[in-house]
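Every number here is computed from the coordinates shown, using simple stated rules; none is lab data. Everything numeric in this text was worked out from a predicted model, so none of it was measured. All Cβ positions, even for glycine, are placed from backbone atoms using ideal geometry, and neighbour counts span all protein chains on display.
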Amino acid sequence: MIKFLELKKITDKYSNEIHEAVAKVIDSGWYLQGEAVASLEINYAQYIGTKYCVGVANGLDALILILRAYIELGIMKKGDEIIVPANTFIATILAITENGLVPVFVEPHLDTYQIDDARIEAVITEKTRAIMIVHLYGQCAYTANIGELCRKYSLKLIEDNAQAHGCKFLDKHTGSLGDAAGHSFYPGKNLGALGDAGAVTTNDEQLAETIRSLANYGSTQKYVFQFTGRNSRIDEIQAAILDVKLKYLDEDILQRRKIAQYYIENIVNPLIVIPVVPNWNAHVFHIFPVRCNRRDELKKYLEKNDIQTNIHYPIPPHKQECYKEWNNLLFPITEQIHREELSLPMSPVLTIDEVSYVVNKLNEFV
Ligand SMILES: *Cc1c(COP(=O)(O)O)cnc(C)c1O
């Protein structure tokens, strides 16, 4: 059986170092907001290329807290609009609605799956405060045009970098391209903890301090509360594990690119649409998406051949039951992607033999 993702195999690769790092935390007697978190924050900020990194409990919290901090700082208020791609994981949208802000959906490109920047200006209104881009599947969504629109209309640029650690736009990492970025270290992400964790990166000191306070009950000084905050912490054990895995992130990405290249060069079945990759540094292949207009049939066929696949995602946010008010909106490109997308096995521990088997089965599909 070729699994979609074998987490155990990924962990095993760094097993000794992870066990050592965890043992060090256990023996230290200090389990929250200690040296391991401080070290990860420094190393991750340095890797991404920002002045600040604030560790939080998960990726959703990272995005929620960025927007909440902008509200506390008077830069946004309830009812303001945030422009987002219509095709994204629900967490991007949850972060917006959780804060009483309004998502304004924009269609993606069908070939790269990233937000279509040519459609953004038309939806900017008096109430627009930010563009929240999502580097979906690990591919860079930022364009010079998006940066230009943010300057022209004084909008914040927020990055959902949950799927794109290590991805680059020219020589800068995603997560450093805008005003703030949310990162997830969910186990299945390219940089994954062995549990939940997340982070915010930014160059804005005031924003970083506000988020740090909001994530700590709204307090910067013990038992003094400036905001009605929450508890959103990354724990020492997860931080220590992430610090180990961060060292190998670039190596893992090269492995993912090799697999992606193999898929792209060898899938020749005209029924299967492979992704367009204009720039290899701008893709870290968190997901390897293909499209097929008989997607469900293809998925079953691969399953019968012992190949596990996934769908990212079967239902777009605006069609979800929790967002009934948007169920009637029409986003044909987004809907087509959700109808046709299939994610092939992808991870740094997949062997070329395994990938070659998947390719052969894909090419035999009629
Ligand atoms: C995973 C993910 C999140 C949420 O991260 P969690 O750590 O699971 O809360 C947000 N946005 C995108 C695009 C994601 O893929």
Spatially proximal lysines relative to K24 (Cα-Cα < 17 Å; intrachain offsets below 8 disregarded): K245
Cα shape, the range 1-88, gyration tensor, a/c 1.5 rule: oblate
Note, ³J(HN,Hα) from phi for the range 74-84, Karplus 6.51, -1.76, 1.60, rounded to Hz, x at Gly and Pro: x, 8, 9, 9, 3, x, 5, 9, 10, 7, 9
Calculated FRET value between R151 and D306, using beta carbons and R₀ = 41 Å, to 0.05: 0.20
Near-label residues of the range 48-87 by backbone N, under 17 Å of a point 7 Å along Cα→Cβ of E17: 48
Amide proton proximity set for T128, modelled H, under 5 Å, gap of 5+: E81
Whether the chain is rounded, prolate or oblate, judged on the alpha carbon gyration tensor where a/c under 1.5 counts as rounded: oblate
Residue-span extension gain [E325 to Q255] - 0.36 nm each, minus C-alpha spacing: 20.9 nm
Karplus-derived HN-Hα couplings along the range 193-210 (A = 6.51, B = -1.76, C = 1.60, θ = phi - 60°), whole Hz, x at Gly and Pro: 7, 9, x, 8, 6, x, 7, 10, 10, 6, 9, 8, 4, 5, 5, 4, 5, 5
Distance from the range 200-232 to the range 50-110 (C-alpha centre basis), Å: 17
Length-normalised contact order of the chain in % [C-alpha pairs under 8 Å, at least 6 apart]: 22
The range 353-360 - phi-based ³J(HN,Hα) in whole Hz, Karplus 6.51/-1.76/1.60, Gly and Pro as x: 4, 5, 5, 5, 4, 4, 4, 4
Highest-fluctuation residue, G198, G29, G218 considered, GNM on the chain with Cα pairs under 10 Å: G29
Antiparallel bridge percentage (DSSP; both residues within the chain; nearest 5): 60
Computed helical MRE - 222 nm, the chain, DSSP H runs ≥ 4 contributing -39500 (n - 2.57), nearest 500: -11500 deg cm²/dmol
Cα→Cβ-extended label distance, 7 Å offset, between Y357 and D116, nm: 4.0
Cα centre as origin, Lys/Arg/Asp/Glu Cβ charges: the range 248-364 dipole, Debye: 280
Computed magnitude of the charge dipole of the range 6-95 (debye, nearest 20; Cβ of K, R +1, Cβ of D, E -1): 200
Positive-end residue, the chain charge dipole about Cα centroid, Cβ charges, pick of I274, V123, N360: V123
Low-density loop positions, trypsin sites (Lys or Arg not before Pro), the range 98-149 - DSSP coil, at most 14 other Cβ in 10 Å: K127
Of all DSSP beta bridges in the range 1-145, antiparallel share, percent nearest 5: 10
Whole-angstrom gap from the range 181-195 to the range 290-351, using each part's C-alpha centre: 21
Amide H partners (placed H, <5 Å) of Y186, local residues excluded: G59, A193, A197
Amide H partners (placed H, <5 Å) of F169, local residues excluded: T174
